[in-house]
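Asks: First, the structure itself, so that you have it in front of you.
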Amino acid sequence: MKLLSILIILLTSKTFAESAALETVRESDKLIIYSATDLNAIESVLEAFKIQNPQIALEYHEFDTQELDQTIRAESLANQPDVVISSAMDLQVRLVNDGYAQPVLGEAVAALPSWANWRNEVIGFTYEPIVFVYNKKAFQGKTVPLTHESLASVMRNEHDFFIHKVGSYDARRSGIGYLVATQDEVTSSISGRLQESLGRARTKVYGHTAILLDDIASGKLLFGYNLLGSYSLGREKRDSRIGVVIPQDYALVVSRAVFISKQAKHVSNAQRFVNFLISKEGQDVIAKKSELVALFPDIDSLVSQQDVQDQTINFHPIPLGPALMVYLDDSKRRRFIKAWENALLPSSSE
């Protein structure tokens, strides 16, 4: 547990000890947030909200995406948090569809793009492209693949270079990993071929972006496939060992999704916080001070961070809505995961 000077109470899912500071706060002045967002990435946003609302004591619990979804479903109605945040848009939509949310009120909601708002109950407040990450030293003198097709080809043609040196999310255990893998299949006609190339490279799979980025930076891996752009671009700014590519043929875009619990105990505080996230002030903080990417990003600035010549990119924001639940059907999920394992992790299915 971490207690900041501005009295934000910050908890992780591994630390639930009671805080004396919270005990002195009136119940009406609290705001409980469950989130699958790294604290380092969102802390400046929490601080800015706290400065505007000094009377509110923020309690921030951090989870993995699947762990968050499971926790919400396991909690009794009386113990639900006020606000839920996750990049696993499909899991968020399913929670909302199952009756866990209430409408977000306020004028700012009406200005959201349609793909970032479903029923005014779950809304997106970031614009996070899915990217390739590479070890700069390993790619000295080599051409960095800029498209999914060129990546599939170069992994096939330079097998010895890539073997055991590629990393990606574990679609079986990572909520964001499963979302992106399924959306790849929806978006791209070459997703199957690319998965086979990743399988031949004996791709290593991870549950956490930070560990994956650590291994790319150290050289244990030399390439990362389908990573969250917010965390990757943030790491690139402070670690010269890695480079980030927003793929040019298409770049899936995740919008970190937030909803207010139907059983929220501090509804007015929750409404104030969610409206802050999509307000001009909140978006400015996200864009300038956080490691997230604002919902309406400066695309030229975002793309110009890449160390490549051609800056033409086809962005594909993933829309919030019921279509995201298709791959959450139990039988469809089992079939997808089996095919994913057969292609990407052939040794595990032998």
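The values are calculated or read from the model by the stated rules, or taken from the named source; none is laboratory data. None of these values were measured; they are calculated from a predicted model. Note: ideal-geometry Cβ built from the backbone for every residue, glycine included; neighbour counts use all protein chains shown.
Asks: Which of the residues spanning region 152-166 are out of contact with any helix residue (DSSP H, G or I) (no Cβ under 7 Å at 6 or more places or on another chain) and over 12 Å from Arg202 (Cα atoms)?
Replies: Initial filter on region 152-166 (out of contact with any helix residue (DSSP H, G or I) (no Cβ under 7 Å at 6 or more places or on another chain)): 153-154, 157-158, 160-161, 163-165.
The answer is Ser153, Val154, Asn157, Glu158.
Asks: Would you check which residues across region 210-238 are surrounded by fewer than 24 Cβ atoms within 10 Å (Cβ to Cβ) and part of a helix (DSSP H, G or I) and list them?
Replies: Selection gives Ala210, Ile211, Asp214, Asp215, Ala217, Ser218, Leu233, Gly234, Arg235, Glu236, Lys237, Arg238.
Asks: Right, here's the next one. Does Ser197 satisfy the criteria of being in a helix (DSSP H, G or I), more than 18 Å from Tyr127 (Cβ to Cβ) and among the hydroxyl-bearing types (Ser, Thr, Tyr)? Talk me through it step by step, then tell me what you get.
Replies: Values: in a helix (DSSP H, G or I): yes; more than 18 Å from Tyr127 (Cβ to Cβ): yes; among the hydroxyl-bearing types (Ser, Thr, Tyr): yes.
Spelling it out, Ser197 is indeed in a helix (DSSP H, G or I), more than 18 Å from Tyr127 (Cβ to Cβ) and among the hydroxyl-bearing types (Ser, Thr, Tyr).
Asks: I need the full set of residues from region 249-272 which are under 20 Å from the mean Cα position of the chain (by Cα) and assigned to a loop (DSSP other than H, G, I, E, B), in order please.
Replies: Matches in region 249-272: Tyr250, Ser255, Arg256.
Asks: Which one is surrounded by the fewest Cβ atoms within 10 Å (Cβ to Cβ) among residues in region 153-177 that are in a loop (DSSP other than H, G, I, E, B) and of a type in the set (Asp, Glu)?
Replies: As a first pass, look at region 153-177 and keep what is in a loop (DSSP other than H, G, I, E, B): 158, 163-165, 170-174.
Remaining after also requiring of a type in the set (Asp, Glu): 158, 170.
Working: Glu158: 12, Asp170: 18.
Per the criteria, the residue is Glu158.
Asks: Within region 113-140, which residues are surrounded by fewer than 19 Cβ atoms within 10 Å (Cβ to Cβ) and aromatic (Phe, Trp, Tyr)? Write out each step before concluding.
Replies: To start, the set of residues in region 113-140 that are surrounded by fewer than 19 Cβ atoms within 10 Å (Cβ to Cβ) comprises 113-115, 119-120, 136-140.
Residues satisfying the conditions are Trp115, Phe139.
Per-residue answers, yes or no, for (1) in contact with a helix residue (DSSP H, G or I) (Cβ under 6 Å, 6 or more places away or on another chain); (2) at pLDDT below 95:
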| position | (1), (2) |
| --- | --- |
| Val267 | no, no |
| Arg272 | no, no |
| Val285 | yes, no |
| Lys288 | no, yes |
| Phe296 | no, yes |
| Gln305 | no, yes |
| Leu344 | yes, yes |
| Ser349 | yes, yes |
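Asks: Between a first residue in region 75-88 that is without any contact (Cβ under 8 Å) to a residue 24 or more places away in the chain and assigned to a loop (DSSP other than H, G, I, E, B) and a second residue that is buried (at least 23 other Cβ atoms within 10 Å of the Cβ) and among the aromatic types (Phe, Trp, Tyr), which pairs have beta carbons less than 8 Å apart while being 6 or more apart in sequence or on different chains?
Replies: Pairs that qualify, where the first residue is without any contact (Cβ under 8 Å) to a residue 24 or more places away in the chain and assigned to a loop (DSSP other than H, G, I, E, B) and the partner is buried (at least 23 other Cβ atoms within 10 Å of the Cβ) and among the aromatic types (Phe, Trp, Tyr): there are none.
Asks: Please determine whether any residue of region 150-172 is within 30 Å of Tyr34 (Cβ to Cβ), of a type in the set (Lys, Arg) and not assigned by TED's automatic domain parsing to the domain that holds Asn269.
Replies: The first filter runs over region 150-172 and keeps only residues within 30 Å of Tyr34 (Cβ to Cβ), leaving 167-172.
From what is left, the residues that are of a type in the set (Lys, Arg) are 172.
Those left that are additionally not assigned by TED's automatic domain parsing to the domain that holds Asn269: 172.
Within region 150-172, one or more residues are within 30 Å of Tyr34 (Cβ to Cβ), of a type in the set (Lys, Arg) and not assigned by TED's automatic domain parsing to the domain that holds Asn269.
Asks: Of the numbered conditions (1) touching a strand residue (DSSP E or B) at 6+ places or on another chain (Cβ under 9 Å); (2) in a helix (DSSP H, G or I), Ser150 satisfies every one except a single condition; which is it?
Replies: Of the numbered conditions (1) touching a strand residue (DSSP E or B) at 6+ places or on another chain (Cβ under 9 Å); (2) in a helix (DSSP H, G or I), the odd one out for Ser150 is (1).
Asks: So, one more: Within region 229-243, count every residue that is among the aliphatic types (A, V, I, L, M) and modelled with pLDDT under 95.
Replies: The qualifying residues number 1.
Asks: Another question about this same structure. Quick test for you: out of Ala110, Ala78, pick the one residue that is out of contact with any Ser or Thr (no Cβ under 9 Å at 6 or more places or on another chain), surrounded by fewer than 20 Cβ atoms within 10 Å (Cβ to Cβ) and over 27 Å from Ser290 (Cβ atoms).
Replies: Numbers: Ala110 fails: over 27 Å from Ser290 (Cβ atoms).
Step by step, each of Ala110, Ala78 is checked, and only Ala78 is out of contact with any Ser or Thr (no Cβ under 9 Å at 6 or more places or on another chain), surrounded by fewer than 20 Cβ atoms within 10 Å (Cβ to Cβ) and over 27 Å from Ser290 (Cβ atoms).
Asks: May I ask you to list the residues in region 90-115 that are farther than 13 Å from Leu324 by Cβ, assigned to a helix (DSSP H, G or I) and not hydroxyl-bearing (Ser, Thr, Tyr)?
Replies: Glu107, Ala108, Val109, Ala110, listed by residue number.
Asks: Quick one: would you say Pro129 is more than 21 Å from the chain's Cα centre (by Cα) and not polar (S, T, N, Q)? Give the steps one after another, and end with the answer.
Replies: Details: more than 21 Å from the chain's Cα centre (by Cα): no; not polar (S, T, N, Q): yes.
No.
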